[in-house]
Amino acid sequence: MDDIIQMEHDYLLQVYSRPDIVFTDGRGSTLYDSRGRAYLDCAAGIAVNALGYADPELTEVAQQAAAGLWHVSNLYHTAPAVRLARLLVETSGFAQRVHFSLCGASANEGALKFARKYARTRHGEGKFHIVSFSNAFHGRLFGSLAATPRPKYQQAFEPLMPGVRVAEFNSLPSAAAAIQDDVCAVIVEPLQGEGGIHAATPAFLQGLRDLCDAHDALLIFDEVQCGLGRTGALWAWQDCGVAPDLLTSAKPLAGGLPMGAILMTPRVADVMAVGDHASTFAGGPFVAAVAEAVVRRISQPAFLAEVRRKGEVLKERLQEINSPHVLEVRGRGLLLGLQLDIPAGDVVKAGFEHGLVLINAGPDVLRLAPPLVITDAELDAVVERLDAILKTW
């Protein structure tokens, strides 16, 4: 273990702060380190491993796919990408076209580009502004970073992409002031992840829909973290019934393999032409085959009902923790946040000593995003260990 950690320091760019743990294996909702110690995982690779670790079905699909084509590029047709696109359209509730990307940031980047192409095609020059919201996180590429109003992420890389306005999350008056005729797109997370687990109200999302329609701007829902079953609905927008023009997905999409997708309505797709956007690796046959299995599994009504039930159980158990440091429990499904009056990072560090993998969502919010297949007994253990950690303060 010490050799691996030293090599990490010697050879990898030091842009991450990692604990002195080397994970080597995983089963279900449990991770194992190089010393054989087990950890209940409440991070799921940052809401990625929705089906946990070493899932038998995904393993079988991946093994079969690995025996076939891995890559031919998007210059050619492959069956897995087409089947996955059809499945995403059929389960989306609003979309008719899909474009694949490599990650959430690149999916958001593509959605912003599509919105600018739509506005230029429909209205000519000048309608290029993008509206995002306080506490948002849309990625770290130049377009997505410009829409992520976090000085600590932005300042070292300025000047960023111009034309982004930031309004107050869940404030329709603020949104109305920002969304004018020169706006081409509004991008919002139905349930903010990195920003502290804040849910957009149905009235706010409906208001954004109305403002976008009034100004012929496109409404983009960033569901990279909150989508694909995480809230207990297949797509988080379905919780409030307000449909977007574009939806971005990534984290859990291919079960831990790198993949993103942009789902869109025909009016968006109709303005895009051959050569407007591309990616060498996106939607490759190997990754798409695994992603199809993930989406089919998660989209089953019984699976989603279990996520909703387990989310309610976990939320109730967390609210029962008798600690003065827990100020609020919020979120939906299995994306929950504990607002604390102590640094969340300290709780995350203490979690490793108690066999618990945790992540934060800002300086004082503890984020719980376990695999969607976590069991009731494991949820009980998570709460018991977290309760024991908080008692040490």
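The values are calculated or read from the model by the stated rules, or taken from the named source; none is laboratory data. On a predicted model such as this, the values are computed, not experimentally measured, just so you know. Glycine gets a Cβ as well: all are built from the backbone with ideal geometry, and neighbour counts include every protein chain shown.
See the values below:
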read-out	value
Selection status of ALA278, surrounded by fewer than 24 Cβ atoms within 10 Å (Cβ to Cβ), farther than 24 Å from GLY93 by Cβ and assigned by TED's automatic domain parsing to the domain that holds GLY193	yes
Unique residue being crowded, with 21+ Cβ neighbours inside 10 Å and either among the basic types (Lys, Arg) or out of contact with any Pro (no Cβ under 6 Å at 6 or more places or on another chain) (or both) when the list is ALA95, ALA85, ALA79	ALA95
Members of the stretch 350-385 found to be over 22 Å from TYR53 (Cα atoms) and not small (Gly, Ala, Ser), listed by number	PRO363, ASP364, VAL365, LEU366, GLU384
Residue list for the stretch 79-127, filter: more than 21 Å from LYS251 (Cβ to Cβ), more than 21 Å from the chain's Cα centre (by Cα) and not charged (D, E, K, R)	ALA79, VAL82, GLN96, TYR118, ALA119, THR121, HIS123, GLY124, GLY126
Lone unmet requirement of (1) out of contact with any helix residue (DSSP H, G or I) (no Cβ under 7 Å at 6 or more places or on another chain); (2) under 30 Å from LEU366 (Cα atoms) for GLU168	(1)
Close pairs (6 angstrom Cβ cut-off, 6 or more residues apart or separate chains): basic (Lys, Arg) in the stretch 332-344, assigned to a loop (DSSP other than H, G, I, E, B) and buried (at least 21 other Cβ atoms within 10 Å of the Cβ) anywhere	ARG332/THR231
Options LYS310, LYS315; residue that is touching a strand residue (DSSP E or B) at 6+ places or on another chain (Cβ under 8 Å), buried (at least 16 other Cβ atoms within 10 Å of the Cβ), of a type in the set (Lys, Arg) and assigned to a helix (DSSP H, G or I)	LYS315
Flag for GLU328 being at pLDDT 95 or above and more than 21 Å from ALA250 (Cα to Cα)	yes
Among the residues listed as GLY124, GLY110, GLY143, the single one being free of Cβ contacts under 8 Å to residues at least 24 places away in the same chain and of a type in the set (Gly, Ala, Ser)	GLY124
Those residues of the stretch 330-350 which are part of a helix (DSSP H, G or I) and either surrounded by 17 or more Cβ atoms within 10 Å (Cβ to Cβ) or in contact with a helix residue (DSSP H, G or I) (Cβ under 9 Å, 6 or more places away or on another chain) (or both), in sequence order	ALA344, VAL347, VAL348, ALA350
Within the stretch 284-304, considering residues that are in a helix (DSSP H, G or I) and free of Cβ contacts under 8 Å to residues at least 24 places away in the same chain, the one nearest to TRP235 (Cα to Cα)	PRO301
Test for PHE128: is it in contact with a Lys or Arg (Cβ under 8 Å, 6 or more places away or on another chain), modelled with pLDDT of 95 or more and surrounded by fewer than 21 Cβ atoms within 10 Å (Cβ to Cβ)	yes
Meets criteria (crowded, with 17+ Cβ neighbours inside 10 Å and either out of contact with any Cys (no Cβ under 8 Å at 6 or more places or on another chain) or assigned to a helix (DSSP H, G or I) (or both)) for LEU327	no
Exclusive hit being over 24 Å from LEU31 (Cβ atoms) and touching a Leu at 6+ places or on another chain (Cβ under 8 Å), set GLU328, GLU320, GLU316, GLU378	GLU328
Positions within the stretch 214-236 being under 20 Å from LYS315 (Cα atoms) and charged (D, E, K, R), in sequence order	ARG230
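For every residue, the table says whether it meets (1) over 25 Å from GLY227 (Cα atoms); (2) touching a strand residue (DSSP E or B) at 6+ places or on another chain (Cβ under 7 Å).
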residue: GLU328; (1), (2): no, yes
residue: GLY337; (1), (2): no, yes
residue: LEU358; (1), (2): no, yes
residue: VAL383; (1), (2): no, no
residue: ASP387; (1), (2): yes, no
